[in-house]
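J.: I have a structure here, written as structure tokens, and I will follow up with some questions on it.
The values are calculated or read from the model by the stated rules, or taken from the named source; none is laboratory data. Since we're looking at a predicted model, the values are computed, not measured. In this analysis, Cβ positions are derived from the backbone assuming ideal geometry, glycine residues included, and neighbour counts consider all displayed protein chains.
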Amino acid sequence: MKRWLAGGSVLVVLALVGALASPYLISLLTIVLLFTFLGQSWNLMLGIGGQLSIGHALFVGLGAYSVALLDVKYGVSPWIGLLLGMVIAGSAGAVLAWLSFRFEVRGIYFALLTIAAAEFARIMFGGWEFVGAMQGLFFPAPTGAIDISMLRGDARFYYFIALALAALGIVGTEMISRSYFGYVWRAMRDDEQAARALGVRAFRHKILVIAISAATAAVGGGILALVQGSIFPDSIMGMGLSVDVLIGPVVGGLGTTFGPLVGSLAAIPLNHLMSALGDCLRIPGLNSIAYGVVLVLVVWFLPDGIWPAIVRLGKAVQLPSRLWLLQPRKAEE
Amino acid sequence: MTALLEVKNLSKSFGGLVAVNNVSFALEAGRITALIGPNGAGKTTCFNLVAGAMRPTSGQVVFDGHPIENAPPELVCRMGIARTFQIVRPMRDMSVLENAMVGAFSWTRSVDEARSTAYESLESVGLAGKANARTDQLTLPDRKMLETAKALSTRPRLLLLDEVMAGLRPTEAAGVVRVLRKLAEGGLTILLVEHVMRIVMEVASRVVVLHHGAKIAEGRPEEVVADPMVLESYLGAGFHA
Ligand SMILES: Nc1ncnc2c1ncn2[C@@H]1O[C@H](COP(=O)(O)OP(=O)(O)O)[C@@H](O)[C@H]1O
Ligand SMILES: [Mg+2]
């Protein structure tokens with residue numbers, strides 16, 4: 001319950017910020033919230049389903065292109081584009097998973113396959129005139145008027161969309177965690193063979209969790225495309241984006257509901273700050289170095305991430321009866 | 001009497017090593033059978049073959065009339081065979097209760113139903129008081145009992161227990177024996193690997209003895225312990241009960 005109070009109050013503060021903050025802060029936080037959502041999608045797959053993706057840009061990109069193509073070329077509402085993106089990315093994820101697990105490609109080899117697929121798609125889209133090739137796709141210039149059916153509006157409008165998405169991601173993650181799927185997926189994550197011995201049909205559950213993760217990543221990608229106003233294969237489907245997606249949950253706490261939010265809040269502003277500082281001091285790449293340092297520090301000192309550390313702190317303060325946890329364990333056989 | 005499980009001429013080789021060699025036996029429904037033999041005799045491999053974790057090199061496993069030797073483990077479990085792992089395999093990042101819930105999801109999607117089943121399973125092995133502990137806070141004997149509880153939550157018709165009482169104090173073991181008896185009275189068929197002969201004599205109505213992968217004896221416990229072949233295989237392997 002305490003977690004919900006803490007996490008919920010962060011969201012309330014973010015809503016207030018959206019009403020009051022400067023345009024710069026709002027667009028920065030919009031990106032934070034979108035990457036919170038993308039982080040949740042990635043976290044569902046690794047943190048709960050136990051399947052590592054380092055090519056999530058594939059699904060993000062498929063969602064972004066679905067929205068952009070329909071909107072830019074045919075004037076079709078991004079709502080339809082988001083749905084189409086979910087179907088396409090979900091299917092791509094399912095097919096990738098099916099092929100991979102059918103041929104016993106698993107673990108780190110599956111992760112390599114996700115990069116390969118993302119890179120393949122990036123190169124393909126970069127050479128495909130219909131989708132704008134390397135020149136990318138540009139949404140019509142914003143008029144500033146809010147149009148919900150076409151998902152068009154000012155920075156504040158997108159901020160609240162991103163906030164809603166992040167909140168939906170938190171509620172959705174929690175609901176899945178507490179459902180049949182959450183238990184079965186976590187069992188499969190912890191020990192696939194043992195889970196199968198208990199009747200878990202791991203093959204289909206792995207495909208399912210990957211398809212769901214891919215479909216939600218596509219939603220984040222579609223909104224990201226709208227926020228940016230343009231998409232290019234190298235940025236929306238590149239390796240850099242795959243890394244950006246996983247920074248939040250890794251820093252914030254793998255498999256936790258609030259980790260991606262906390263991690264994105266910590267990592268993305270730092271990235272922007274360091275990038276600005278780097279420009280000032282004429283040290284290109286300072287942001288990447290800072291990213292690396294923070295990652296190393298977190299992995300070293302808080303290997304479970306920031307969020308579990310906050311939770312532990314809260315518990316240690318309030319529940320001294322838990323001290324029995326500290327008693328020495330009995331020796332093994 | 002009809003057999004719930006029939007193992008027919010089952011063999012499994014690992015490279016040149018024949019771990020299970022042409023073994024046949026049948027389990028009658030509602031009985032407790034012990035599978036015994038010195039270390040390396042092929043008992044765990046037998047379990048793996050029956051549970052679908054490994055494919056046999058040759059031979060058949062028939063459960064309730066269905067051949068299952070090529071079925072994957074999740075299907076074998078859903079047909080009604082649950083097994084424990086001799087080297088315990090708890091789900092590390094799940095609580096004791098959550099571990100015990102997983103098996104229930106093989107027959108229900110209701111989280112509440114899974115939870116109450118898990119509590120019952122934990123209760124029957126004496127772990128209900130530790131339901132909210134992490135698995136790494138359990139002692140090894142407790143982890144073995146957790147394996148048993150996980151398996152029970154699947155509501156099996158046949159339960160395969162691989163040395164689950166190892167490390168238990170005699171009073172604790174007696175408690176588990178009582179539980180197994182009760183389960184068997186309720187119609188559960190149990191095949192257990194157990195090294196302590198006193199427990200085998202007490203709980204099993206039949207004993208199958210393996211040695212170097214082959215079945216060397218089978219019968220009522222008191223017959224089997226009097227069998228010179230069995231004595232020799234145990235003494236020869238430096239067995240001490
Ligand atoms: N996966 C495996 N690969 C190779 N050899 C194995 C494997 N599993 C078991 N064995 C070998 O098979 C023999 C029987 O082992 P096991 O079935 O574990 O015996 P028990 O359970 O009776 O102690 C042993 O010699 C063991 O080393
Ligand atoms: Mg063994």
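J.: Would you confirm whether any residue within the range B:32-53 is among the charged types (D, E, K, R), within 23 Å of A:V200 (Cβ to Cβ) and out of contact with any Cys (no Cβ under 7 Å at 6 or more places or on another chain)? Steps first, answer last, please.
T.: Residues of the range B:32-53 among the charged types (D, E, K, R): B:43.
Checking the rest, the ones that are also within 23 Å of A:V200 (Cβ to Cβ) come to none.
No; the residues of the range B:32-53 include none that is among the charged types (D, E, K, R), within 23 Å of A:V200 (Cβ to Cβ) and out of contact with any Cys (no Cβ under 7 Å at 6 or more places or on another chain).
J.: Take the residues in the range B:149-183 that are in contact with a strand residue (DSSP E or B) (Cβ under 7 Å, 6 or more places away or on another chain) and closer than 15 Å to B:M197 by Cα, then tell me which one is surrounded by the fewest Cβ atoms within 10 Å (Cβ to Cβ).
T.: B:E163
J.: Name the helices (runs of 4 or more DSSP H) wholly inside the range A:1-73 in which the number of residues that are among the polar types (S, T, N, Q) is 3 or more.
T.: Because the criterion is at least 3 residues that are among the polar types (S, T, N, Q), the helices (runs of 4 or more DSSP H) in the range A:1-73 that meet it are A:23-43.
J.: Which numbered condition trips up A:Y180, out of (1) without any contact (Cβ under 8 Å) to a residue 60 or more places away in the chain; (2) crowded, with 20+ Cβ neighbours inside 10 Å; (3) among the aromatic types (F, W, Y)?
T.: Single failed check for A:Y180: (2).
J.: Please pick out the residue among B:A34, B:A118, B:A128, B:A51 that is away from ligand 1 (no atom under 15 Å from the Cβ) and in contact (Cβ under 8 Å) with a residue 12 or more places away in the chain.
T.: Details: B:A34 fails: away from ligand 1 (no atom under 15 Å from the Cβ); B:A128 fails: in contact (Cβ under 8 Å) with a residue 12 or more places away in the chain; B:A51 fails: away from ligand 1 (no atom under 15 Å from the Cβ).
Result of the check over B:A34, B:A118, B:A128, B:A51: B:A118.
J.: Scan the range B:162-173 and report the pairs whose first residue is more than 16 Å from ligand 2 (Cβ to nearest atom) and whose second residue is part of a loop (DSSP other than H, G, I, E, B), with Cβ atoms within less than 7 Å and a gap of 6+ or a chain change.
T.: From the range B:162-173, the pairs are B:A173/B:M165.
J.: Can I ask one more? Determine if the range A:252-260 includes at least one residue that is touching a Pro at 6+ places or on another chain (Cβ under 7 Å), part of a helix (DSSP H, G or I) and within 14 Å of another protein chain (Cβ to nearest Cβ). Full working, then the answer.
T.: Going residue by residue through the range A:252-260, those that are touching a Pro at 6+ places or on another chain (Cβ under 7 Å) are A:252-253, A:256, A:259-260.
Then drop every residue that is not part of a helix (DSSP H, G or I), which leaves A:252, A:259-260.
Checking which are within 14 Å of another protein chain (Cβ to nearest Cβ) leaves us with A:259.
Yes, the range A:252-260 contains a residue that is touching a Pro at 6+ places or on another chain (Cβ under 7 Å), part of a helix (DSSP H, G or I) and within 14 Å of another protein chain (Cβ to nearest Cβ).
J.: A follow-up question, please. Does the range A:293-333 hold any residues that are at pLDDT below 80 and outside any helix (DSSP H, G or I), and which are they?
T.: Result: A:L319, A:Q327, A:P328, A:R329, A:K330, A:A331, A:E332, A:E333.
J.: From the list B:A41, B:A19, pick out the single residue that is out of contact with any Leu (no Cβ under 8 Å at 6 or more places or on another chain) and within 12 Å of ligand 1 (Cβ to nearest atom).
T.: B:A19
J.: Now, a different point. Just one of (1) more than 8 Å from chain A (Cβ to nearest Cβ); (2) within 19 Å of B:V179 (Cα to Cα); (3) of a type in the set (K, R) trips up B:R115, so point out which.
T.: (2)
J.: With the condition kept exactly as written, say whether any residue in the range A:104-114 is more than 21 Å from the chain's Cα centre (by Cα) and among the basic types (K, R).
T.: Yes: the range A:104-114 contains one or more residues that are more than 21 Å from the chain's Cα centre (by Cα) and among the basic types (K, R).
J.: Return the total of residues in the range A:269-287 being farther than 15 Å from A:G240 by Cβ and touching a Phe, Trp or Tyr at 6+ places or on another chain (Cβ under 8 Å).
T.: 2
J.: Mind checking which residues of the range A:208-234 are closer than 13 Å to A:F59 by Cα and of a type in the set (S, T, Y)?
T.: Residues satisfying the conditions are A:S213, A:T216.
J.: While we're looking at this one, here's another question. Quick check on B:T2: is it more than 16 Å from ligand 1 (Cβ to nearest atom) and without any contact (Cβ under 8 Å) to a residue 60 or more places away in the chain?
T.: Details: more than 16 Å from ligand 1 (Cβ to nearest atom): yes; without any contact (Cβ under 8 Å) to a residue 60 or more places away in the chain: yes.
Judged against the criteria, B:T2 is a match.
J.: Further, regarding this structure: Which numbered condition in (1) among the hydroxyl-bearing types (S, T, Y); (2) within 10 Å of another protein chain (Cβ to nearest Cβ); (3) part of a helix (DSSP H, G or I) is the only one that B:T108 fails?
T.: (3)
J.: Considering only the range A:152-167, how many residues are free of Cβ contacts under 8 Å to residues at least 24 places away in the same chain and either under 13 Å from the mean Cα position of the chain (by Cα) or not in a helix (DSSP H, G or I) (or both)?
T.: So the answer is 2.
J.: What strands (runs of 3 or more DSSP E) lie completely within the range B:1-92 and have 1 or more residues being more than 14 Å from chain A (Cβ to nearest Cβ), more than 17 Å from the chain's Cα centre (by Cα) and within 16 Å of ligand 2 (Cβ to nearest atom)?
T.: Numbers: elements: B:3-14, B:17-28, B:32-36, B:58-63, B:81-83.
In the range B:1-92, the matching strands (runs of 3 or more DSSP E) lie at B:3-14, B:17-28.
J.: Do we find a residue being of a type in the set (K, R) and over 27 Å from B:V224 (Cα atoms) anywhere in the range B:73-82?
T.: yes
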